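Laboratory data are not the source of any read-out in this text; all were calculated from the coordinates shown. All values derive from a computational prediction rather than experimental measurement. A quick note on method: Cβ atoms are made from the backbone with ideal geometry, for glycine too, and the neighbour counts reach across all protein chains shown.
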There are 4 protein chains.
Amino acid sequence: MQLGLVGLGKMGGNMRERIRRAGHTVLGYDRNPDVSDVSSLHELVERLDGPRVVWVMVPAGGPTQSVIDELAGLLSPGDTVVDGGNSRWTDDEKHAEQLAAHGIGFVDAGVSGGVWGLENGYALMVGGEKEHVERLQPIFEALKPEGPYGYVHAGKVGAGHFAKMVHNGIEYAMMQAYAEGWELLEKVDSVTSVREVFRSWQEGTVIRSWLLDLAVDALDEDEHLEKLRGHAEDSGEGRWTVEAAIDNAVPLPAITASLFARFASRQGDSPQMKLIAALRNQFGGHAVESSQ
Amino acid sequence: MQLGLVGLGKMGGNMRERIRRAGHTVLGYDRNPDVSDVSSLHELVERLDGPRVVWVMVPAGGPTQSVIDELAGLLSPGDTVVDGGNSRWTDDEKHAEQLAAHGIGFVDAGVSGGVWGLENGYALMVGGEKEHVERLQPIFEALKPEGPYGYVHAGKVGAGHFAKMVHNGIEYAMMQAYAEGWELLEKVDSVTSVREVFRSWQEGTVIRSWLLDLAVDALDEDEHLEKLRGHAEDSGEGRWTVEAAIDNAVPLPAITASLFARFASRQGDSPQMKLIAALRNQFGGHAVESSQ
Amino acid sequence: MQLGLVGLGKMGGNMRERIRRAGHTVLGYDRNPDVSDVSSLHELVERLDGPRVVWVMVPAGGPTQSVIDELAGLLSPGDTVVDGGNSRWTDDEKHAEQLAAHGIGFVDAGVSGGVWGLENGYALMVGGEKEHVERLQPIFEALKPEGPYGYVHAGKVGAGHFAKMVHNGIEYAMMQAYAEGWELLEKVDSVTSVREVFRSWQEGTVIRSWLLDLAVDALDEDEHLEKLRGHAEDSGEGRWTVEAAIDNAVPLPAITASLFARFASRQGDSPQMKLIAALRNQFGGHAVESSQ
Amino acid sequence: MQLGLVGLGKMGGNMRERIRRAGHTVLGYDRNPDVSDVSSLHELVERLDGPRVVWVMVPAGGPTQSVIDELAGLLSPGDTVVDGGNSRWTDDEKHAEQLAAHGIGFVDAGVSGGVWGLENGYALMVGGEKEHVERLQPIFEALKPEGPYGYVHAGKVGAGHFAKMVHNGIEYAMMQAYAEGWELLEKVDSVTSVREVFRSWQEGTVIRSWLLDLAVDALDEDEHLEKLRGHAEDSGEGRWTVEAAIDNAVPLPAITASLFARFASRQGDSPQMKLIAALRNQFGGHAVESSQ
């Protein structure tokens, strides 16, 4: 089938390639003319046969909103828009309503896979009305990994991004789990090689996983991670997961601890620990503890 | 080679079987005569050719201590004892010294694998002196999974159990990660089938793992886990991991949160939340919030 | 001076009384005619001399919004509205803009004090333009406790509710601190009377506080809190504090743990712990731990 | 009455002064001859009339153990030893048994008060047999603050140090509560002066406390704490509190979070966050998030 694809960065560019390899026609648009197949969104829409399907793969928030605003004016009733970016699930319903007012369908797709996606396929979590999702099925088939897994129609509009967001929340806590274990093992003298311990865990253990494989790769490159600073960014999804949990009164202690550990990692000096230090100075508790 | 194996419960029994399949001779002793090959520890030691190797596979603490006490009296200089149970790493050095006083070697082995171990092999994390570990190599080869992983000589005496303990601590936080994500997904209406979301994650995602596969199996048996109570036991390793972290001043927020969640799950009514409720009653904060 | 007061519930009713005792004229309106001085908001506004000051003391969210909507239509340029309810600080700027379009000033006031406020005074955290805040000064003086504390002009519009929100977040973690300590002390046999330990802490210790005094009062009524269930509600401020922290990338581990403990306390059976239990069943880890 | 006091550091020295002011005779021994009343422990014991009471006020662990070892040899049946240092409660039972073998009584006393103790009195949490505790009553009266609070016979041997330990655990979480709130308030632009907000909280609020008063003092000296580094030490009691909680399966999320925050504050670069960073590099998740 024919697909319009807006946004040809690392993700979008590779996705265009994977969909083409599956035999579909992809017309891509990007602000960067070096990678773009057309010169404008207008041209993209013009050159697609109706009913059109346009996949939006641009950063969440403002950029996604402005593409959807523009598409709402360019597309025709019966066309369908897919938001495959990392939009907050709460944006999806707004976008669906905005487009529905023009007779345009909307599907949200959480996409996982990163740099391995081109070869191994992208895991897809999709939300939307059945009729809109079904139109996209050939594209989803092209993008997803081979085999029975890697694709789910998770529910109504927003369910795709919600599922992807929770995926990322889980990812935060899994990474934190390995990281805590690694630091503890590195700290004790009796363990000769933490890297070899991690490597051994790749088979026969309860904690074997793809993330563990990646950890071993990282330790093979730099056994004690001396070249890295202990600073970790966080993307919107981790924060949104905690916010969704608060909205739903669901306790999320491990995922939240993982998010906070990232916040703390980026602080040169912790303001809150300054107040702890100040209070200790005030009551002199630490000083007076040692008497003789 | 020839091995004495003390403790033929679920783990020990299957391990005897796997070692025998690899062509070794295993003489097993258990207090339960139905499964035991010999009638006493004394007979076990008598029937093994020297230098003997005896693998102890009984519960940590008292039971392990009493077997080691007995073996210290029965074995001869040059023999080797392996503790494959879930002993605390701090016990290992004591056991090593106790046995060394009799000229007996000691190796600690953390064993992972559970009910799948018989077929798939057991992951082994081993601590001890090189000469003692090397004597056991054929047995380790028999027990471990095929391929390059699943076995590590982690370091000095205690390092095997330490590595296994950290493995279990990581396991706690990984399980908690999936559990938190599952509860949040179950809570929102827009997601039609959480089970299908979990299933889809088994390929192409960052969070694919063996534990995720098990989660899907569990949800296939009971989609909303209605037959289970939300009570989770904890074994010593989770607690010891946090204690080791405290000893080493290593922050372990996600693993500790996972341990505490298990503690809380077993309380019918939370004492600490009674005091919270009592305080709220005292200052009437909640009541006065609603004015008009 | 003259004040219109909308909302005469437990908080509003007592505040009317305290302001009157200070010699000011308060005209109160409530939907409940038994406590109301006037029959409608319209009458309230009619009977106040300009420039009017109207204090809104109704539940946050919809009720506050609808009173402000109505006041925007009834009041005149130069009048001032105070929101003394528990509104989210993000609502304040909207309300200020909405009223400013009609030439009406806006002040937000976080109010603490509960049932003790009538006698001891209410702590006030106020946000808004200096000119609007100054008009209210006589009322703030009437409401606040005697002495140098209990009142702050915290900053711009929203700063009052933000400060009160953080106050409540701190309150959550302080209550949790005492509650955790209490449970631990109750758990050990060697401590004969936890109530007497708490009582003794009221002087000479680092942790003496008004909340501790309340805890002793509660334990005096019911030493082991046997009449209470361990269920604790949470108001919006605790949740908003965590959300504000996430927006600002500030780690808030203790306050968030306190919020999550309340969430968990209200769950009959924990869904997430069901998945933990299910995973444990799948790999049989707990069962296979005990061998002999 | 007459008291022997071993250890005349900041705490012991001030305690000697306060007990003397109450009219008792204190014979103090310290390794530092400048402050010591006697030249040796032996002389101290010689010069006390029987039945003697000796208060030990030296650092926990080795120093306390060696003083108790020595006293066990020097004292006579009927004498009583008080350990007023910060010993772990699990040491108390050992010390009680060790001394009981010589007919010597033992009392453990947790002491709070710091540099204010001399003037305001020391809060005392005491454990031991009734007969031994009663002998000390005049000294406890001299040390404690005036009024009905500040002293408790908490229970059996060990209960005094256990109660003091929990006191310190609660202290950690209360300090963390204020610190988290302070950082959040400092972060937002709308709040003009966080110091003034803290000051205002000293009356009429739910969170007023002695620690809050100290926080205001600290902010008065250095409003934004620019002269301090955000590094906080921890003493044994915080760690022991968490360990006691683990032994008793009591969840302690806020206290433990406070302990871990201190651990993290002392790390120049967080090892665990290096692994998080390494994993993010491996799957390139952060890079591929931004597409267009």
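Judged by the mean number of other Cβ atoms found within 10 Å, the most tightly packed of the peptides B:105-116, B:49-60 leads the ranking B:105-116, B:49-60.
Given an 8 Å cut-off on Cα distances and at least 6 residues of separation, report the relative contact order of chain D as a percent. Intermediate values should be presented prior to the final figure.
Working: 424 pairs, mean separation 35.4, N = 292.
Once normalised by length, the contact order is 12 percent.
The mean number of partner chain beta-carbon atoms within 10 angstrom of a residue's beta-carbon across peptide D:225-231 is 6.
Averaging sequence separations of C-alpha pairs under 8 Å and six or more residues apart, then dividing by the length of the stretch A:160-292, give the relative contact order as a whole percent. Display every interim value, and only then the final one.
Numbers: 70 pairs, mean separation 38.1, N = 133.
The value is 29 percent.
Legend: ranking of residues D:Asp213, A:Asp269 from fewest to most surrounding C-beta atoms inside 10 Å; resulting order A:Asp269, D:Asp213. Between the C-alpha center of the stretch A:82-144 and that of the stretch B:87-120 there is a gap of 52 Å.
Averaged over the residues of B:75-86, the number of partner chain Cβ atoms lying within 10 Å of the residue Cβ comes to 1. With a Förster radius of 60 Å applied to the C-beta separation of B:Gln137 and C:Asp189, the computed FRET efficiency comes to 0.75.
Put in order of Cβ neighbour count within 10 Å, fewest first, the listed residues B:Phe162, C:Phe140 become C:Phe140, B:Phe162.
Note down the net charge around B:Ser36, summing +1 for each Lys or Arg and -1 for each Asp or Glu among other residues with Cβ under 14 Å from its Cβ. Walk me through the numbers on the way to the answer.
Details: positive: B:Arg16, B:Arg31, B:Arg47; negative: B:Asp30, B:Asp34, B:Asp37, B:Glu43.
Net charge in that neighbourhood comes out at -1.
For the stretch B:125-253, dividing the convex hull volume of the Cα atoms by the residue count gives 160 Å³ per residue.
If you take the Cα atoms of the protein assembly as shown, find Rg, then find the Kirkwood Rh from the mean of 1/r over all pairs, what is Rg/Rh? Show your work: numbers first, answer last.
Working: Rg = 33.4 Å, Rh = 32.9 Å.
Rg/Rh for the protein assembly as shown comes to 1.02.
With a length cut of 27 Å (Cα positions projected on each helix's long axis) and a Kyte-Doolittle mean of at least -1.0, go through chain B and give me the DSSP H helices that pass.
B:159-187
For B:Asp49, the distances from its label point to the matching points in the remaining copies are 8.0, 8.2, 11.4 nm, ordered from shortest, with each point set 7 Å beyond Cα toward Cβ. In this simple spin-label model, placing a label point 7 Å from the Cα along the Cα-to-Cβ direction at both B:Arg20 and C:Glu93 gives a separation of 7.5 nm.
Here C:Met1 yields copy-to-copy label distances, from shortest upward, of 6.2, 6.6, 9.0 nm, the label point defined as 7 Å from Cα along Cα to C-beta. As a calculated quantity, the FRET efficiency between C:Ser39 and C:Met1 at R0 = 22 Å, using C-beta atoms, amounts to about 0.40.
Among beta bridges identified by DSSP and lying wholly in the stretch C:2-156, the antiparallel ones come to about 25 percent.
Using C-alpha pairs below 8 Å separated by at least 6 residues, the relative contact order for the stretch C:1-93 is 28 percent.
Looking at the stretch D:189-271, which GluC sites (Glu not before Pro) are DSSP coil and have at most 15 other C-beta atoms within 10 Å of their C-beta?
Listed in order of number, the matching sites are D:Glu223, D:Glu226, D:Glu233.
Over chain B, the hull volume per residue, using the convex hull of the C-alpha atoms, is 192 Å³. Listed peptides D:95-103, D:146-154, A:123-131 appear in the order A:123-131, D:146-154, D:95-103 once ranked by packing, highest mean of other Cβ atoms within 10 Å at the front.
At most 14 other Cβ atoms within 10 Å and a DSSP loop assignment: could you name the trypsin sites (Lys or Arg not before Pro) in the stretch D:210-250 that fit? The partial results should precede the final answer.
Numbers: sites: D:Lys227, D:Arg229, D:Arg239; in loops: D:Lys227, D:Arg229.
Those satisfying the criteria are D:Lys227, D:Arg229.
With the label put 7 angstrom out from Cα along the Cα-to-Cβ vector, A:Glu97 ends up 1.8, 7.1, 7.2 nm from the copy partners, going from closest to farthest. Counts of other chain beta carbons within 10 angstrom of each beta carbon in peptide B:3-11 average 3.
When chain C is turned onto chain D, its residue with the beta carbon nearest the axis, and that distance in whole angstrom, is C:Ser209, 2.
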